[in-house]
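First up is the structure itself, then whatever we jot down about it.
The values are calculated or read from the model by the stated rules, or taken from the named source; none is laboratory data. A quick note: this is a predicted structure, and the numbers were derived from the prediction, not measured. Cβ placement follows ideal geometry from the backbone for every residue including glycine, while neighbour counts extend to all protein chains displayed.
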């Protein structure tokens, strides 16, 4: 009886499996020697598991169906760890931007105050990756960790991987930049005695802001009260413990996030996220993502990625518009790929012109010169390479087209009422009936509702 032994290698070359389909019990046949011979033929020389080989029971295996036995395994690379910050200041870690995390609304007013010379954070450098080795005894590279993305802002200094404050003030994180700003505080309502505020640091109002005022801050703005028809603009975030009521020109503009109890007839724009505790009524809101723990009625909400709400619309069928913008980063990548595809097609067209010219000459003369034959070979190689690159780019572009608006979604915990218009790029749909507990998104070029 002859032996039938199969050894397969995984695609990543990190494991090898043995399958014994049949074998002879003849003493002249050394099964282990045959296996080792095949291992050599397949260049498997690292990570062989001798205990597994020696423990194979021929008699037992003969009674069973053939099965795969792992006989070799490489050493996987260990990627380096990314650099990070160690928080040395109260609540500093909570201030670091984490767009995917919804901050507790009750914590929004807690911006840490620091003293001159106080240690804010320690920068921990990334670690180097440890290479691995596959079963063919080839080195497998590891990725080094990435440096912590943090920049030194105003009134801070970096000394030997430690970040210190150079003034008394409040910590502010703007676009991954740690700064300490001086604080301008108003102990009470904003009034004519104070007037409009334009301040380089953080602004704190311990009261209400009546109609007609303007506050511009280089850092954060926090208000312990109600904001009426006024204009607030922050280089950082805006936090309002009360609501925002605007009837004419009131606006909230923030480079980072905006958190407020409710929005009534206002214009609210944030580069980051908007979080509303109660409701949004007849307002225009524009942000990367919006979370409303209550109801959205009327107005227009312009969102880049996601929207979460308890309810959208009302029983009176008030028109409410939800618009999901096209992913700018995705669009930039698609435009870049389309540009490369256009260039490759132009190059292929030029190559085809040269090949056709040589073909005409060959038909006419019956031969080509050595230089022309060399040129023709190079053209063919270049054409093959360009076609492969074109195929790769076309597949990548197709995947990006499928992704386009695919991640954008609206999640509603309770009801979506009729006359709510959803827009995903060029696709629009207006609700005709009441839906409950649904996720709304774009699927196969169609706006669909999926029960949660």
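For segment 358-368, the tally of residues that are without any contact (Cβ under 8 Å) to a residue 12 or more places away in the chain and surrounded by 11 or more Cβ atoms within 10 Å (Cβ to Cβ) stands at 4. Evaluate segment 307-316: report whether one residue or more is at pLDDT below 85 and surrounded by 14 or more Cβ atoms within 10 Å (Cβ to Cβ). No; the residues of segment 307-316 include none that is at pLDDT below 85 and surrounded by 14 or more Cβ atoms within 10 Å (Cβ to Cβ).
Of the residues examined, residue 219 is one that is part of a loop (DSSP other than H, G, I, E, B), surrounded by 16 or more Cβ atoms within 10 Å (Cβ to Cβ) and in contact (Cβ under 8 Å) with a residue 40 or more places away in the chain.
Quick grid of which residues meet (1) modelled with pLDDT of 85 or more; (2) touching a helix residue (DSSP H, G or I) at 6+ places or on another chain (Cβ under 8 Å):
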site	(1), (2)
341	yes, yes
348	yes, yes
364	no, no
369	no, no
376	no, yes
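Rundown of residues vs (1) under 18 Å from residue 169 (Cβ atoms); (2) part of a loop (DSSP other than H, G, I, E, B), yes/no style:
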position	(1), (2)
189	no, yes
193	no, yes
215	yes, no
225	no, yes
229	no, yes
253	no, no
259	no, no
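When segment 19-74 is limited to residues that are part of a loop (DSSP other than H, G, I, E, B), farther than 30 Å from residue 139 by Cα and in contact with a strand residue (DSSP E or B) (Cβ under 8 Å, 6 or more places away or on another chain), the one that is modelled with the lowest pLDDT turns out to be 23.
Just one residue in the set 280, 323, 300, 263 is crowded, with 21+ Cβ neighbours inside 10 Å and closer than 22 Å to residue 408 by Cα; that residue is 280. Looking at residue 180, is it at pLDDT below 85, part of a strand (DSSP E or B) and closer than 30 Å to residue 289 by Cβ? Answer is no for this residue.
Only one of the listed residues (78, 101, 123) is under 25 Å from residue 272 (Cα atoms), under 27 Å from the mean Cα position of the chain (by Cα) and at pLDDT 50 or above. That residue is 123. A count restricted to segment 148-166 and to residues that are part of a loop (DSSP other than H, G, I, E, B), free of Cβ contacts under 8 Å to residues at least 60 places away in the same chain and under 12 Å from residue 121 (Cα atoms) stands at 2.
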